[in-house]
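The values are calculated or read from the model by the stated rules, or taken from the named source; none is laboratory data. Keep in mind that what you see is a predicted model, and the values were worked out from it rather than measured. With ideal geometry, Cβ positions are generated from the backbone for all residues, glycine too; neighbour counts draw on all protein chains shown. Side chains are part of the model used for accessible areas, which takes the heavy atoms of the whole protein and leaves out ligands, DNA and RNA. Shrake-Rupley method; radii C 1.70, N 1.55, O 1.52, S 1.80 Å.
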Amino acid sequence: MRLDFPPKHTETIGAVKIHSLQKIYEIDSGYNVNSKMQQNNNSTTAFDNRKLSKKCANMAIVIPVKNEKLSLLEGVLSGIPNECLIIIVSNSQRTPVDRYAMEVEMVKQFSQFSNKKISIIHQRDPNLSRIFHKINYTSILDQHSQVRRGKAEGMVIGILLAKIQGKKYVGFIDSDNYFPGAVNEYVKIFASGFAMAESCLSNVRVCWRSKPKIANNKVYFPRWGRVSEHSNKYLNDLISYITGYETDIITTGNAGEHALSMSLAENMEFASGYSVEPYELVNILENFGGIIKGSKSAHKDNVEIFQIETRNPHFHEDKGDDHVTSMLQESLSAINNSKICNTDITRDIKNHLLVLQQKTNQINSRINGSANNHIMDPIKIIPIDKFNELVIDSPKLLHLFNTSES
Ligand code: GDD
């Protein structure tokens, strides 16, 4: 993969370095780029397939799933490079039709043909809730002591499963993507980002070049999604306020496709549901930006945030307007509730939330979604060996295909 390097601009806030958007020139820049001249010029760098494969071997790709079409999920699996460990965390229905059992069956069959390493778990399995209860990681549990519903909750489970399997990096890819080729590009972007990173604390965020829509029998290629347009704006307002210089550096506020180094992931708090991606940025600033008086990160390293623009368009299931409104509400609340959000920005977001409130009053009863962001504790507080032991002792909890333990 050949891309802009070094990034054109970097905003530095305390120990956080946010790099401006980097463009890809070649999705595949060859197998083994020997000559230094070929590899790097003044403004781009290329990572050959050998280098990317090595990064992939240290990477788990977590796929959160909830009641998606099996063929969509299968397409996503087919796009992930073979070296990666795949971790599917499902919250699909068990009754009246057991969609999770159907997913397990499909994955079992698919893994035989593809020889991919895949694990799959159900987020609401009572055995998993019991394990979290036992190890006292209660911030992932609801009032009934069951694992909470939500995409972010699935992601946290995925990070833990990646950690017990010794992975250095963890990437997230939604299961409702229509283009396996785009999925393949996302993973190469993650691997290139980690190859560029100088710090062990890094976050690689994907910016889609476009999100195609069909209207009046024509295909359109809008640049921004309906949620990211707004969360990017408020995140940029926040950074402009902190630095005193207006900026538009954030282009990936709601990057569903993103990756974290394990050293960073285990130190972060995660917001529930769909507020997870903007809150990751906010939480990195809270913990490492040196903005909150008295806040002291345990880590001595910088956090590097890379934002990389795809060549492929992002084409996924359209879940409707209500879903988008609720997602926007959750995202803006995550920014608004932060201790580093100043009063002017708070006022703007609150006004925006009031408008959304009128809509969500009508729709909250129809869909899963709430503006009250729940925050989950960093997973570093979990005794990981004990967690591993308890998972192994629950034989029906985690299905493993083609992994060394299977
Ligand atoms: N495990 C699990 N648990 N997965 C879930 C849950 C859940 O409760 N709810 C949804 N998912 C899965 C979906 O099946 C899908 O694979 C992924 O999480 C994203 O959910 P969608 O409902 O499809 O979200 P979206 O496509 O509207 O939004 C995506 O893009 C946004 C940016 O435009 C998400 O990635 C958002 O987080 C992102 O902000």
Kyte-Doolittle mean at least -1.0 and Cα axial length at least 15 Å: DSSP H helices in the chain = 99-114, 151-164, 180-196, 228-243, 276-288, 321-336, 343-363
In Å², what does the accessible area per residue of the chain work out to with a 1.4 Å probe?
-> 44 Å²
Largest first, how would Phe315, Phe132 line up by accessible area (1.4 Å probe)?
-> Phe315, Phe132
Which pairs in the list Lys211/Lys380; Lys51/Lys218; Lys17/Lys163 are over 29 Å apart, alpha-carbon to alpha-carbon?
-> Lys211/Lys380; Lys51/Lys218
Residues with beta-carbon under 9 Å from that of Ser263, excluding Ser263: net charge, scoring Lys, Arg +1 and Asp, Glu -1?
-> -1
When you count, for each residue, the other Cβ atoms within 10 Å and take the mean per peptide, how do 45-57, 335-347 rank with the highest first?
-> 45-57, 335-347
Just reorder Lys108, Lys300, Lys350 by solvent-accessible area, largest first, 1.4 Å probe, all chains present.
-> Lys300, Lys350, Lys108
Using a 1.4 angstrom probe on heavy atoms only, work out the carbon and sulfur share of the accessible area of region 1-155 in %.
-> 49 percent
Reachable aspartates and glutamates from Lys54, Cα under 20 Å, same-chain residues fewer than 8 places away excluded?
-> Glu26, Asp28, Glu83, Glu185, Glu198
Full-extension gain in nm, Ile375 to Asn42, via 0.36 nm per residue minus C-alpha separation = 115.6 nm
Within the set Asn217, Asn267, Asn91, GNM on the chain using Cα springs under 10 Å gives the largest fluctuation to Asn217
Comparing Gly158, Gly193, Gly181 in a Gaussian network model of the chain (Cα, 10 Å), the one with the largest mean-square fluctuation is Gly181
Among Gly320, Gly166, Gly289, the residue with the largest mean-square fluctuation in a Gaussian network model of the chain built from Cα contacts under 10 Å is Gly320
